[in-house]
Amino acid sequence: MDPTLATFENDIWWIQLIKVLGVFVLLLLLTLFTINYERKVVARMAVRPGPNQVGPKGWLQSLTDGLKLPFKEEIIPRTADKVIYFIAPVISATCAFTAFAVIPFGPVVSIFGQHTALQVTDVPVSVLVVLACSSLGIYGVVLAGWASGSTYPLLGGLRSSAQMISYEVAMGLSIVAVFMMSGSMSTSEIVAAQGSGREVSLFGLDFTAPGWYAILLAPSFIIYAISAVGETNRAPFDLPEAESELVGGFHTEYSSFKFALFFLAEYINMITVSALCTTLFLGGWHATWPITLWSGANTGWWPMLWFLAKVLLCLFVFIWLRATLPRMRYDQFMRFGWKVLIPVNLVWILLLATVRVLQTSDLEAQTRFTLIGAAVLVIVLIAVLWPSGKKAAAPSLADLVAARPQGSFPLPPLDLQVPPSPRAARQVAERQPADVSSDRSEV
């Protein structure tokens, strides 16, 4: 059965401990897998061999790298603030692990005879817990850049804080639409709301609309996907770690185990936003068609497999973007977040709120759909007819020359080529050609 908020009130302490340890181990294994997964997919797209030496087909390469990092020499700059230099990676890694506590993996199952949900815990504002953890993770990045006592890490930390805060606003607004549709901020209740489709009657036709919010709330899903890439500092939005400008960004001065914590936090954040996307927009742990034709698809431990498959699909999109798109300019990236994503999100929320109000009104179905269509048409016309912010093209040099008033001073050659001297041309004309056919003995 689907878990509810009351399901988590009856968990025994050792059941909770098992679930916490299970999530911790699962995140570590997913991190090791994702690192190798990314290297192999990018290598495949670039038509080159990926890691293939350590373990079967190279799948143990990330494990050996993880074991090697803690034993490498640690170099701490003299100008670093030792306390904050140590705390910063701990903050990033801790917030990354904590955010996964409210992600549902499956329905209620039996563990050693105890019925419990495949989720560590759930609260009425679970989604806000994830957003709070991602907000606190910014402190780890900013403090790491400042505590290193170096210029490039400081610039990387400032860039990252501005970027993460900007795109977190867009991400939060995209989730508002999910709250309006599901009527809850609990992750388990949001997944339950997507478990079945909605019966819709349109112009005399009755059909079942899809339950996934990725389809019902497509603009919110697209904005969330873009914001998630910017929130996690991934390519093409990896400007806080731009090697061509900042060497390595905020973690330039970190090495050994502390660098491993930042590396771990980055990949866990990728997994977290993918899991949250699965929970909010892709139906959570519910199976898709045609798997749902099997009556036991959403019972027992099977839903955990469907959930992980959706998460891996979202991670593949992260990797695909990295292997495909070039890095953007920082001003373009920030302008896109503040002047495109956020205004579009606000307009979409207002439109959705209007639709929800009309659905609860006493108007007929056809009248409601007519009003909604008219509102959409007005928004489309405003977007098309909105004046462009681009400046008018500057006139060409030929147009400026043609617009000169009569009697102006003469202009030099526009092609910047100096004409040949008349005297040089006369000398060439007076030169006698060489007579190569004459006999030298007669000379």
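Just one residue in the set Gly300, Gly284, Gly296, Gly337 is open to solvent by less than 50 Å² (accessible area, probe 1.4 Å), touching a residue at least 40 places away in the same chain (Cβ under 8 Å) and more than 26 Å from Cys133 (Cα to Cα); that residue is Gly300. Scanning region 275-329 for residues that are assigned to a loop (DSSP other than H, G, I, E, B) and among the charged types (D, E, K, R), we see that the one that is nearest to Ala225 (Cα to Cα) is Arg327.
The values are calculated or read from the model by the stated rules, or taken from the named source; none is laboratory data. Predicted model, so just to flag it, every value in this text is computed and none were measured. Note that we place each Cβ from the backbone using ideal geometry, even for glycine, and neighbour counts take in every protein chain shown. Quick note on the areas: whole protein, heavy atoms, side chains included, nothing else; ligands and nucleic acids left out. Shrake-Rupley method; radii C 1.70, N 1.55, O 1.52, S 1.80 Å.
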